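The block underneath contains the structure these notes are about, expressed in structure tokens.
No value in this document is a laboratory result; all are computed from the given coordinates. As the structure is a prediction and not an experimental result, all values here were calculated from the model. Note that we place each Cβ from the backbone using ideal geometry, even for glycine, and neighbour counts take in every protein chain shown.
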Amino acid sequence: MADSSLAPLAPVSPASPVASDVARGICRLFARNDIWCIPEMPLPGGRRADLMGIDAKGQIVIVEIKVAKADLLGDAKWPDYLEFCDRFFWGLSPELDRACMETEGFMPDRCGLIVADGYDAEILRPAPLQKLAPARRKAQVERLARAAMRRRQVEIDSACSQWGAGEFA
């Protein structure tokens, strides 16, 4: 049976150029810390995590990226992501006012905070560990792995069609 969460192919970067810069900076920070993630990861229930990854201990990390105040303050869907990760971070552009991030509505005791641009990122508040149940973690790791492999295969197929069979034959 096909995994419906993988079709159609998800975009490989957030829509906004500023959001893609924030995602790039966070991915660079995470890579230095042995956390590997992919953008726009579909979740059960029709949601998509802006970034979702796995750390060296097998813990799942989700980052919700915000670059505009209206989007940050108007987002009511983000609490749905908490049931799919061990750690949750807000990823914000440096220009965005962060004062609201300390209010109870943004769960500072549950959510980490990262500020990033296109070159790098800094964790301003670590995300507390809220361990997933083992069965939930296993299912999420498998979904994440399948999505990453599918995206890689699409990249390979695209390269083959652009340059002929070449090295991928």
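Full-extension gain between residue 149 and residue 122, please, as 0.36 nm times their residue separation minus the C-alpha to C-alpha distance.
Gain in length upon complete extension: 6.9 nm.
Name the aspartates and glutamates eligible as straight-distance cross-link partners of residue 69: C-alpha to C-alpha under 12 Å, and not fewer than 8 places from it in the same chain.
By straight Cα distance, residue 69 reaches 95, 97.
Against the longest alpha carbon principal axis of the chain, how many degrees, from 0 to 90 and to the nearest 10, is the axis of helix 134-163 turned?
So the inclination is approximately 50 degrees.
What residues have an amide H closer than 5 Å to that of residue 89, excluding those fewer than 5 places away on the same chain, when H is modeled at 1.01 Å from N in the peptide plane?
62, 63, 64, 112
If contacts are Cα pairs under 8 angstrom and at least 6 residues apart, what is the relative contact order of the chain in percent?
Rounded, it is 21 percent for the chain.
In the neighborhood of residue 119, defined by Cβ-to-Cβ distances under 14 Å, what is the net charge if each Lys or Arg adds +1 and each Asp or Glu adds -1?
-1
Count the DSSP beta bridges whose two residues both fall in region 10-168, then state the antiparallel fraction as a percent rounded to the nearest 5.
Of those bridges, close to 55 percent are antiparallel.
Take the alpha-carbon positions of region 10-168, form their convex hull, and give its projected area averaged over all directions (one quarter of the hull surface) in nm².
Average of the hull's projected areas for region 10-168 equals 10.2 nm².
If the cut-off is a Cα-Cα distance under 30 Å, which lysines reach residue 138, setting aside same-chain residues fewer than 8 apart in sequence?
57, 66, 77
Please report, in debye to the nearest 20, how large the charge dipole of the chain is about its Cα centre when each Lys and Arg carries +1 at its beta carbon and each Asp and Glu carries -1 there.
For this selection, approximately 560 debye.
Between 96, 29, 144, find the one with the highest GNM mean-square fluctuation for the chain; connect C-alpha pairs within less than 10 Å.
Of 96, 29, 144, the most mobile in the Gaussian network model is 96.
Would you work out the relative contact order for region 77-131, in percent, from Cα pairs under 8 angstrom that are 6 or more residues apart?
Relative CO of region 77-131 lands at 38 percent.
Would you mind checking the tilt of helix 17-32 against the longest principal axis of the Cα atoms of the chain, expressed as 0 to 90 degrees and rounded to 10?
90 degrees
Got a sec to turn the phi values of region 90-104 into Karplus ³J(HN,Hα) couplings, 6.51 cos²θ - 1.76 cosθ + 1.60 with θ = phi - 60°, whole Hz, x for Gly and Pro?
8, x, 10, 6, x, 6, 6, 5, 9, 4, 5, 5, 8, 7, 4
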